[in-house]
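The block underneath contains the structure these notes are about, expressed in structure tokens.
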Amino acid sequence: MTQPLTQADIDRELREAPAGPPSGHPDRDFAPYRSSVLRHPKQPLISVKDPDAAELSGPVFGVTDVTALDADLTRQHPGEPLGERITVQGRVLDRDGRPVRGQLVEVWQANASGRYRHQRDDHPAPLDPNFTGVGRCLTDDEGRYAFTTIKPGAYPWRNHVNAWRPAHIHFSLFGAAFTQRLVTQMYFPGDPLFPYDPILNSVTDERARQRLVAAYAHELSQPEWSLGYRWDIVLDGPAATWMEEGR
Amino acid sequence: MNPTPSQTVGPFYGYALPFPGGGDLAAPADPAGITVHGYVHDGAGDPVPDALLEFWQADASGELRGAPGTLRRDLVDGSVIGRHGVDFTGFGRVATDADGRWTLRTVMPGNGYISVCVFARGLLHHLFTRIYFGQDPFLDTVPPQRRHTLMAVREREGVHRFDIHLQGEKETVFFDFG
């Protein structure tokens, strides 16, 4: 029988992990995150350079796909959720720095106590009847998005003994092309759990890791109301050149 | 600009990303509708019950039009009321069930393949693959012994099977678009 993994075991594995790809994305083979062990391909990816590839275009969303309430996670129930009210806003850009316009941004998160509204989440922290933790919006002509929500709590998971995830908001993003698809997590500045977390540290480059951390932005805080965070997102991957003027 | 790194979709996306009718690209009455279905397996051959698959495809004529309205919403209560069934949105999203199984109801893509993006707990960066329904010159660029992993198996008229293996002897071919 194997001994349960401790934080010290994970810390050692993180120190010894080889550097990830130059893009800054995580290597899919990242053993300190144990769930990755059987879920990453071992064969190399096959490179596709076809200018007619369907993946150089992508799904389109519009005003029928979102409602005004979607972007304010604090107003989706009769009462107000518990927690620290925040706004998170920023821009979605492609790797050439062009704004991603009119595209879908989706978020989901734990409540202020660190509990998800998911029946497989058995963390003994209270659910909040006034908080679901799901939001959507479309980016504007400058690629801007904005959400009002509450700051999520940290929560335990079973990667190893005493494993805790730093507070984070899950983000799902679409670009002009399917190749630019991104699902990621936004973290909060100064979280003391950063060094212990194998998911955040699957991004082995410190500068790339910092791109996952929002900035506290005092000018975005609203007096007597909410604290403001700014987080810009850059989507990777090529798009068909005819898409440049947007749709 | 330097890209924002990917992070896993995690185990708890289920109340946020999937939506009713996510796999119903074809209108229910469309006589040209086909069913594509399969399982997602891990490197031990076990089903993956917490994968999320996204599909992007051309319409029957081969056009990649990408109409909005996949997540069309009810203005009274905000619920998803589904595609209106006239425009083809080309986009689908299906979470695997407890058996690791998924089903898509769509039309045969006029350009020969459906693009698939795979997300899962344990997968730190999504993977792209394609579902082909017949021979295609593109398949000649794939190592011959792995080509079959991109080919749907026709089970009967209008029903096609496509399994995804994240790892192992049957590992599916995944793509890098650079």
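Consider segment A:206-240. How many of its residues are within 25 Å of B:F128 (Cα to Cα) and of a type in the set (D, E, K, R)?
Total meeting the criteria: 4.
Working only within segment B:87-109, note down all residues that are part of a strand (DSSP E or B) and open to solvent by less than 40 Å² (accessible area, probe 1.4 Å).
B:F91, B:G92, B:R93, B:V94, B:A95, B:W102, B:L104, B:T106, B:V107
State which residue is farthest from the other protein chains (Cβ to nearest Cβ) when the search covers only segment B:119-152 and only residues that are of a type in the set (G, A, S) and buried (at least 19 other Cβ atoms within 10 Å of the Cβ).
B:A152
Quick one: count up the residues across segment B:164-178 that are at the interface with another protein chain (Cβ under 7 Å from one of its Cβ atoms), surrounded by 20 or more Cβ atoms within 10 Å (Cβ to Cβ) and outside any loop (DSSP other than H, G, I, E, B).
1
Only one of (1) open to solvent by less than 80 Å² (accessible area, probe 1.4 Å); (2) touching a helix residue (DSSP H, G or I) at 6+ places or on another chain (Cβ under 9 Å); (3) of a type in the set (D, E, K, R) is not met by A:D70, so which one is it?
Exception for A:D70: condition (2).
Is one or more of the residues making up segment A:130-141 among the hydrophobic types (A, V, I, L, M, F, W, C), open to solvent by 50 Å² or more (accessible area, probe 1.4 Å) and either within 13 Å of chain B (Cβ to nearest Cβ) or in contact with a Gly (Cβ under 7 Å, 6 or more places away or on another chain) (or both)?
Looking through segment A:130-141, none of the residues is among the hydrophobic types (A, V, I, L, M, F, W, C), open to solvent by 50 Å² or more (accessible area, probe 1.4 Å) and either within 13 Å of chain B (Cβ to nearest Cβ) or in contact with a Gly (Cβ under 7 Å, 6 or more places away or on another chain) (or both).
Answer yes or no: is there a residue in segment A:184-194 that is open to solvent by 10 Å² or more (accessible area, probe 1.4 Å), within 27 Å of B:F55 (Cβ to Cβ) and not charged (D, E, K, R).
For segment A:184-194, residues open to solvent by 10 Å² or more (accessible area, probe 1.4 Å), within 27 Å of B:F55 (Cβ to Cβ) and not charged (D, E, K, R): absent.
Every residue in segment A:2-45 that is more than 10 Å from chain B (Cβ to nearest Cβ), in a helix (DSSP H, G or I) and open to solvent by 70 Å² or more (accessible area, probe 1.4 Å), please.
A:R12, A:R15, A:E16
List pairs: first in segment B:150-170 and on the phi > 0 side of the Ramachandran plot, second open to solvent by 90 Å² or more (accessible area, probe 1.4 Å), Cβ under 9 Å, 6+ apart or cross-chain?
As it stands, the answer is B:G168/A:K42, since those pairs meet every condition given.
Here are some residues: A:V107, A:V88. Which one is in contact (Cβ under 8 Å) with a residue 60 or more places away in the chain, out of contact with any Pro (no Cβ under 7 Å at 6 or more places or on another chain) and within 12 Å of chain B (Cβ to nearest Cβ)?
A:V107 is the lone residue from the list that is in contact (Cβ under 8 Å) with a residue 60 or more places away in the chain, out of contact with any Pro (no Cβ under 7 Å at 6 or more places or on another chain) and within 12 Å of chain B (Cβ to nearest Cβ).
Tell me yes or no: at least one residue of segment B:44-56 is within 22 Å of B:G69 (Cβ to Cβ), touching a Ser or Thr at 6+ places or on another chain (Cβ under 6 Å) and either open to solvent by 10 Å² or more (accessible area, probe 1.4 Å) or within 14 Å of chain A (Cβ to nearest Cβ) (or both).
Looking for residues that are within 22 Å of B:G69 (Cβ to Cβ), touching a Ser or Thr at 6+ places or on another chain (Cβ under 6 Å) and either open to solvent by 10 Å² or more (accessible area, probe 1.4 Å) or within 14 Å of chain A (Cβ to nearest Cβ) (or both), one finds at least one in segment B:44-56, hence yes.
Go through the residues of segment B:105-116 one by one and say whether even a single one is without any contact (Cβ under 8 Å) to a residue 40 or more places away in the chain, within 14 Å of chain A (Cβ to nearest Cβ) and of a type outside the set (A, V, I, L, M).
Within segment B:105-116, one or more residues are without any contact (Cβ under 8 Å) to a residue 40 or more places away in the chain, within 14 Å of chain A (Cβ to nearest Cβ) and of a type outside the set (A, V, I, L, M).
Can you name every residue in segment A:116-129 that is within 14 Å of chain B (Cβ to nearest Cβ), open to solvent by 50 Å² or more (accessible area, probe 1.4 Å) and under 23 Å from A:S226 (Cα atoms)?
Passing the criteria: only A:L127.
Let me confirm something: among A:D205, A:D191, A:D197, which residue is within 15 Å of the chain's Cα centre (by Cα), more than 8 Å from every other protein chain (Cβ to nearest Cβ) and among the acidic types (D, E)?
Only one candidate qualifies: A:D197.
Hey, can you tell me all the residues within segment B:153-162 that are part of a loop (DSSP other than H, G, I, E, B) and open to solvent by less than 40 Å² (accessible area, probe 1.4 Å)?
Correct list: B:G158, B:F162.
Which of the following residues is within 30 Å of B:P68 (Cβ to Cβ), open to solvent by less than 10 Å² (accessible area, probe 1.4 Å) and aliphatic (A, V, I, L, M): A:A146, A:A167, A:A214, A:A163?
Residue meeting the stated conditions: A:A214.
The values are calculated or read from the model by the stated rules, or taken from the named source; none is laboratory data. The structure displayed is predicted, hence computed values, not measured ones. Reconstructed Cβ throughout: ideal geometry from the backbone, glycine too, with neighbour counts over all protein chains shown. Quick note on the areas: whole protein, heavy atoms, side chains included, nothing else; ligands and nucleic acids left out. Shrake-Rupley method; radii C 1.70, N 1.55, O 1.52, S 1.80 Å.
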